[in-house]
Amino acid sequence: MRLLKKLKRYGKKKIVAMHMPGHKRKNLTHSSLPYKIDITEIDDFDNLHNAQGILKYCQNKLTKLYQTSQSFYLVNGSTSGVLASIFSVLDYGDKIAIPQNCHKCVFHAIEMLNLQPVFIPISLSQGIISDIKAHDIDNVLNNNPDLKCVLITSPTYDGVISDIVSISKVVHRHNATLIVDEAHGAHLFLDDKSAVNKGADIVINSLHKSLPALTQTAVLHVCHNKIDVDKVKHYISVFNTSSPSYVLMSSIDECVEFLLKKGKKYYEKLQKNLKKFVENTNKLKNIHILQNNGNFFDLDNTKIIIYGGNFTGHQLEKFLINNKIQVEMSNVWYTNCYTSLATSKADLKKLYKALKKLDKIFVYKKTDISLSIPKIKLKMPLCKAQQQNMQDLCLGDAVNKISGQYVWTYPPGIPIIVPGQLITTEIVDYLKYIKKFDIELVGMNNEKIYTIKLDNMEF
Ligand SMILES: Cc1ncc(COP(=O)(O)O)c(C=O)c1O
C-alpha cells in the first residue's frame, strides 16, 4: 500500500470536504500546488501522533529499510528529531557531551533544558573540522562520570564521518547514550556507513538533504532497546506539528519505496560517476578537492569540497553560478557541492567543465586555512544568559564581555558564539576576519553584538 496512491484515489472522489485544510482540495488560487492530496487526519488516513493504520504501515516499511528497532517520520526536519532525542534521554539540568560544531538545534535543546554542555575537543584537517575521536570522548566521560549522553554530528556538513563503532563502545562502557545527528547522511546506509548499525542508540536523518524527498522530511531511528520508545514518541509529538502534512508524509513513503527498489543501483551509479569526476579533477593544476589522505576516519564523498588557490569559496561560488551551477554552501576557504542519487553524470560533467575553465584563470596560491576555531567557554548557562539585560557593543568593545546571543553563518548554522559565552580577542579577530570577506553573520546587528549588561563584571 502506497500513501500517495491512496491520497490520489481519495482526491478523485466527489466527497464534500467539511474538514480542514481550508482549500477543501479545490484550486482556488489557480496554481500548481498539490491541493488534491493535501488532507488532514480524516477517516482511514490514520494519525501520525498515534499511528495505527496506513502511517504505522509506512513507518514499518521505513524501519525495514534502515533495519532499526523502530523508525519514525518527522515533518519538522532533523531539527525536531534532534530535539526529541535529547529531551527523551536527558532531564532538566543534566550534562551533555557535544563537540562545538553541532547544529544550532542542539544548542536550542541545551537552552530549553538548561543542560550543561561539556565540549569534546575538535580539530581541523585540511581546513575542515575533523572526525571526533573515541579517546577524546573517553577522557570527557572519565572526567564527568555523571554524563548520561553524548551527541555528535556524523557525517558533518562537509562529509566527515566519525568512527561510530569505537565511539559507541566507549559511550556504552560509561553507561551513557549515544545520539548521532546524521542529518547529512540519510543515504549512508546504502554503503554500510550509517551510524544506525554501528552502535548508535538514536540516529536522526534529514531525508530532504541527500535523498529524493521534499524539504522538511526527516526520520528518527531508535537503534537500541534500552531507549524508552514511548518517551521518544512523546517528544516527537511535542516537536512536530499537530497537523503533519500528508504531502510531506507521502514524499517520505515514495522515497522509501524508491530506496527499497532502486536505492543500491542509483548509489552505485553515483559512485561510479563521482570516481570519474575526481579522476578528471585531480588532473587540474589549481583546483583541489578534499580527499581522505588518512587524516579523516572516513569521508562521505557525495559532498564535493572544492578549495581554490588564491580565491575564496565565495568567489568560486559566483563563478559557478555564472556557469549555471548552484552550490550548497561556500565559506572563506572552500565550496561545498552537495550531490545525491539525483545527480547525473551530465551534472558532474558540467561541474568538471566549469572547474577546468576556472583552473586556467586562477593562479594557485596556498590558502590560509590554518585559522583555528575559537573554543566556546561558557561563563553563564545558556538559558540564563538569554534572560539578562543586553547592550549592543561594537565588536572591538565586546572583548571580555559575555555574549547574550548566538552568532552563526547560515548555512551551516553552526554557532560561532552562543549566549553565555565569554567573548575573547580570538573570537573578535575570527569574526573580523570572516567579515572581511563580506560573509553574512546571522545574529550580529550590523557591526554590533549583544552582550550582557553586568555592572562591574568583567572577566
Ligand atoms: C548537522 C545538522 N543537524 C541538523 C540539522 C537540521 O536539519 P533540518 O533542516 O532537517 O531540520 C542541520 C541543518 O542543516 C544540520 O546541518
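Mind listing the Cα extents of the range 267-361 along all three principal axes, in Å, largest one first?
Sorted largest first, the three principal extents are 33, 31, 24 Å.
Ordering H221, H135, H288 by accessible area with a probe of 1.4 Å, largest first, what comes out?
Largest to smallest exposure gives the sequence H135, H288, H221.
A 29 angstrom limit on the alpha carbon distance is what I want to check against. Which of K353/K375; K356/K448; K269/K357; K14/K264; K349/K435 exceed it? Before the final figure, lay out each step's value.
Working: K353/K375 40 Å; K356/K448 41 Å; K269/K357 26 Å; K14/K264 40 Å; K349/K435 34 Å.
The pairs that break the limit, which is 29 Å between Cα atoms, are K353/K375; K356/K448; K14/K264; K349/K435.
Relative contact order of the range 267-361, please, whole-number percent, based on alpha carbon pairs below 8 angstrom and at least 6 residues apart.
Rounded, it is 32 percent for the range 267-361.
Ranking request for peptides 7-14, 380-387: highest mean number of other beta-carbon atoms within 10 Å first, then the rest in descending order.
Output ranking for 7-14, 380-387: 380-387, 7-14.
So what is the accessible area of the range 67-259 per residue, in Å², with the probe set to 1.4 Å?
Details: 6110 Å² over 193 residues.
Normalised by residue count, the accessible surface of the range 67-259 is 32 Å².
Please list, ordered by chain and number, the residues whose modelled amide H lies under 5 Å from the amide H of S125; skip anything fewer than 5 residues away on the same chain.
Answer set, sorted by chain and number: S130.
Ranked highest first by the average count of other Cβ atoms within 10 Å around their residues, in what order do 346-353, 188-195, 205-212, 109-116 fall?
On the way: 346-353: 15.8, 188-195: 20.9, 205-212: 23.5, 109-116: 19.4.
Going by the mean number of other Cβ atoms within 10 Å, highest first, we get 205-212, 188-195, 109-116, 346-353.
I'd like the distance between the alpha-carbon centres of the range 13-92 and the range 214-250, rounded to an integer number of Å.
9
Around K24, under 14 Å between beta carbons, what's the net of Lys plus Arg minus Asp minus Glu among the other residues?
Numbers: positive: K13, K14, R25, K26, K36; negative: D38.
Its environment carries a net charge of +4.
Cross-link partners among aspartates and glutamates for K350, C-alpha distance below 18 Å, same-chain residues fewer than 8 apart left out?
E279, E317, E328, D359
Which one, I42, L259, L113, is farthest towards the positive end of the dipole of the chain when Lys and Arg carry +1 and Asp and Glu -1 on their Cβ?
About the Cα centre, the residue reaching furthest to the positive side is L259.
Enumerate the calculated ³J(HN,Hα) couplings along the range 193-207 in order (Karplus 6.51 cos²θ - 1.76 cosθ + 1.60, θ = phi - 60°), each rounded to whole Hz, writing x wherever the residue is Gly or Pro.
10, 7, 5, 4, 10, 10, x, 5, 8, 9, 10, 10, 10, 8, 5
Given H placed on each backbone N at 1.01 Å, which residues far from I96 in sequence or on other chains put an amide H within less than 5 Å of it?
For I96, the qualifying residues are Q116, V118.
Counting other Cβ atoms within 10 Å, which GluC sites (Glu not before Pro) in the range 398-450 have at most 15 and lie in a DSSP loop? Before the final figure, lay out each step's value.
Details: sites: E426, E440, E447; in loops: E440, E447.
Hits after loop and neighbour filter: E440, E447.
Which order do S344, S69 take by accessible area at a 1.4 Å probe, largest first? Before the final figure, lay out each step's value.
Details: S344 45, S69 65 Å².
Reading off the accessible areas and sorting them downward yields S69, S344.
Take the alpha carbon atoms of the range 382-452, find their radius of gyration, then divide it by 2.2 N^0.38 Å using N residues; give the quotient. Present the calculation step by step, with values, prior to reporting the outcome.
Details: Rg = 11.1 Å, N = 71, 2.2 N^0.38 = 11.1 Å.
Dividing the Cα Rg of the range 382-452 by 2.2 N^0.38 Å gives 1.00.
Mind checking the per residue accessible area of the range 382-452 for me, 1.4 Å probe, whole number of Å²? Can you show the working numbers first?
Values: 3120 Å² over 71 residues.
Computed with neighbouring chains in place, this is 44 Å² per residue.
Using θ = phi - 60° and the Karplus curve 6.51 cos²θ - 1.76 cosθ + 1.60, what whole-Hz ³J(HN,Hα) does each residue of the range 146-160 get, with Gly and Pro shown as x?
Per residue, the Karplus-derived 3J(HN,Hα) values read 8, 6, 9, 8, 10, 10, 10, 9, 7, x, 7, 3, 8, x, 7 Hz.
Would you please classify the overall shape of the range 182-222 from the alpha carbon gyration tensor, given that a ≥ b ≥ c denote the square roots of the eigenvalues, rounded means a/c under 1.5, and beyond that prolate means a/b larger than b/c while oblate covers the rest? Present the calculation step by step, with values, prior to reporting the outcome.
Numbers: a/c = 3.02, a/b = 1.53, b/c = 1.98.
Judged from the Cα gyration tensor, the range 182-222 comes out oblate (a/c at least 1.5, b/c at or above a/b).
What does the helix-only formula give at 222 nm for the chain: each DSSP H stretch with n ≥ 4 adding -39500 (n - 2.57), the total divided by the residues, and the result rounded to the nearest 500 deg cm²/dmol?
Details: 13 runs with 159 residues, N = 459.
Value at 222 nm, helices only, nearest 500: -11000 deg cm²/dmol.
Give, rounded to the nearest 20 debye, the magnitude of the charge dipole that the range 382-452 has about its Cα centre when Lys and Arg contribute +1 at Cβ and Asp and Glu contribute -1 at Cβ.
Values: 6 positive and 7 negative charges, 28 e Å.
Here the size comes out at about 140 debye.
Could you please report the charge total around G53, scoring K, R as +1 and D, E as -1 over all other residues with beta-carbon less than 11 angstrom from its beta-carbon?
Numbers: positive: K6, K56; negative: E41, D43, D44, D46.
Taking every Cβ under 11 Å from that of G53, the sum is -2.
Mind jotting down the distance between the C-alpha centroids of the range 394-457 and the range 166-188, whole Å?
31
Name the residue from H19, H174, Y430 whose Cα lies farthest towards the positive end of the charge dipole of the chain, charges +1 on Cβ of Lys and Arg and -1 on Cβ of Asp and Glu.
Positive-most Cα among the choices belongs to H19.
In percent, what relative contact order does the chain have, based on Cα pairs under 8 Å that are 6 or more apart in sequence? Show your work: numbers first, answer last.
Numbers: 863 pairs, mean separation 63.9, N = 459.
In percent, rounded to a whole number, it is 14.
Round to a whole number: what % of the accessible area of the chain belongs to carbon and sulfur, probe 1.4 Å?
On the way: 10810 of 21330 Å².
Reported share for carbon and sulfur atoms: 51 percent.
For the range 19-35, take each phi angle, set θ = phi - 60°, evaluate the Karplus expression 6.51 cos²θ - 1.76 cosθ + 1.60, and give the result in whole Hz per residue in order, putting x for glycine and proline.
Taking θ as phi minus 60°, the curve returns 8, 6, x, x, 6, 6, 6, 9, 8, 5, 8, 6, 10, 9, 5, x, 4 Hz for the range 19-35.
What order do F297, F107 take when sorted by accessible area (1.4 Å probe), most exposed first? If you can, show how the numbers build up before the last one.
On the way: F297 105, F107 0 Å².
In descending accessible area the options line up as F297, F107.
Could you do me a favour and compute the accessible area per residue for the range 267-361, 1.4 Å probe, result in Å²? Present the calculation step by step, with values, prior to reporting the outcome.
Details: 4820 Å² over 95 residues.
For the range 267-361, the per-residue accessible area is 51 Å².
The values are calculated or read from the model by the stated rules, or taken from the named source; none is laboratory data. Just so it is clear, the model here is predicted, and its values are computed rather than measured. Neighbour counts are summed over all protein chains in view; Cβ atoms, including those assigned to glycine, are modelled from backbone coordinates with ideal geometry. Note: areas computed on protein heavy atoms with side chains; ligands, DNA, RNA excluded. Shrake-Rupley method; radii C 1.70, N 1.55, O 1.52, S 1.80 Å.
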